[in-house]
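Quick notes on the structure that follows.
Computed from the coordinates by the stated procedures, all read-outs in this text should not be read as laboratory data. Source: prediction; values computed, not measured. Note: ideal-geometry Cβ built from the backbone for every residue, glycine included; neighbour counts use all protein chains shown.
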Amino acid sequence: MTKGETKKEEARRRLAVVRVRGSVHMKPQIKKTFEMLKLTEPNHCVVIDSRPEYMGMVMNIKDYVTWGEVSQAALEKLLNVRGRVQGGRLSDAFMEEKTSHRSIGDFAKAFMEFKAELEDVPAIKKTFRLNPPKKGFERFGIKKPYSTGGALGYRGEKINGLLERMI
């Protein structure tokens, strides 16, 4: 493998970005970034890939969000429980009728392998509205980085545990 292939392989990850903090005293540039990502409220989540354009936006809002690599199981549960389309909930019957995928699990697998995108599902809402996490955020709250015991910033695979508590 060459260095370019390693970067390409590394860039192909799915990330869950969860907004943790509100909008009081927020700079206009950060508000605009939240609007572009459709993270309008605290406890909202979006699933993006790790291309440089998205990562630049995430770095811009890093003091207000937490993010990490989402697993296929967590994505499937997120779609099953919190997935919405215009007019109702996302279901296996809807997926079979409106898309080429037989179920939400089938779509989640294709999505994680970059063979499908959320745009392939007609009328899907790309923002997932979550509950506040059971037993709260980490010990030092929502103003400290995850690396020092807070809730903000990059948390890698541990985002799946947070999503599980918020679904």
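Some observations on this one:
- Debye intensity ratio in log₁₀ form over the Cα atoms of the range 91-167, taken at each q of 0.10, 0.18, 0.28 Å⁻¹: -0.36, -0.84, -1.27
- Under the simplified labelling scheme, the ARG12-MET55 pair shows an inter-label distance of 1.6 nm, with each label point 7 Å from Cα along Cα→Cβ.
- For the chain, the Cβ-based charge dipole about the Cα centre amounts to some 780 debye (Lys, Arg positive; Asp, Glu negative; other atoms uncharged).
- Value in Å of the Kirkwood radius, where the chain supplies the Cα pairs that are averaged: 16.6 Å
- Among THR40, THR148, THR66: highest mean-square fluctuation, GNM of the chain, C-alpha pairs under 10 Å: THR148
- All C-alpha to C-alpha distances of the range 72-120, sorted into 10 Å bins beginning at zero, yield P(r) values of 28, 63, 8 percent in whole numbers.
- Bridge type composition, the chain - antiparallel percent by DSSP, nearest 5: 85 percent
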